Structure formats: structure tokens, C-alpha cells
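Asks: Supplied in C-alpha cells, the structure appears directly below.
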Amino acid sequence: MISIEPEDKKMGLSIRAAESADGQEQIKAARARAAAARPTLGDIMQEELKASSPTKATKKRAAKKKKVEEEESRKRAHRP
């Protein structure tokens, strides 16, 4: 619908305008679907960081290992 003239009880219609508006809506919907389906660089990097981040158990083992190595190093340093 292009225009309405209530005084004259007329309506202006346009098939091209209706098709164009419908086409624009379809294009917007398609772009929205494509954007939602395509991962961003941030999404990919976040997944990689999660996969490579150490767990609590790994951190505890590393801290324990470091502590043992420091103690052994101190013992070696105090030997005559």
C-alpha cells in the first residue's frame, strides 16, 4: 500500500513496492541467519583458550613440583 485518501475513499497500491518490501525483509532475515550461524574470531579464540587453559589439578601438580624442586635446590646449596 502506497497511500490512503480517506476523504476520497481511495487507496494507492503498488505491486512493485510490496515485492520490494517483502524482498528487503527476506534479505534482512537471511543476513541475520547467516550472522548467527557464522562464528566470529572471538568465538574461535575463546574456544581455543578454554581448551588450552590448565585445570585446577594441573595447577596444583605444577605448584607441588615447583615446591619440591625449590627444596631440593636449597638442600644442594647448603651441602659442603
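The values are calculated or read from the model by the stated rules, or taken from the named source; none is laboratory data. Source: prediction; values computed, not measured. Don't worry about glycine lacking a Cβ; one is built from the backbone with ideal geometry, like all the others, and counts go over all protein chains shown.
Asks: Residue check: is A21 at pLDDT 80 or above, surrounded by 10 or more Cβ atoms within 10 Å (Cβ to Cβ) and among the small types (G, A, S)? Even if it seems obvious, please write down each step before you answer.
Replies: Numbers: at pLDDT 80 or above: no; surrounded by 10 or more Cβ atoms within 10 Å (Cβ to Cβ): yes; among the small types (G, A, S): yes.
Answer is no for this residue.
Asks: Next question, about the same structure. It is to be established whether one or more residues within region 29-50 are exposed (fewer than 10 other Cβ atoms within 10 Å of the Cβ), polar (S, T, N, Q) and either assigned to a loop (DSSP other than H, G, I, E, B) or modelled with pLDDT under 80 (or both).
Replies: Yes - at least one qualifying residue is present in region 29-50.
Asks: Let me ask you something else. Against the condition touching a Pro at 6+ places or on another chain (Cβ under 8 Å) and not in a strand (DSSP E or B), how does A62 come out, does it pass? Before the answer, list the steps.
Replies: Numbers: touching a Pro at 6+ places or on another chain (Cβ under 8 Å): yes; not in a strand (DSSP E or B): yes.
Answer is yes for this residue.
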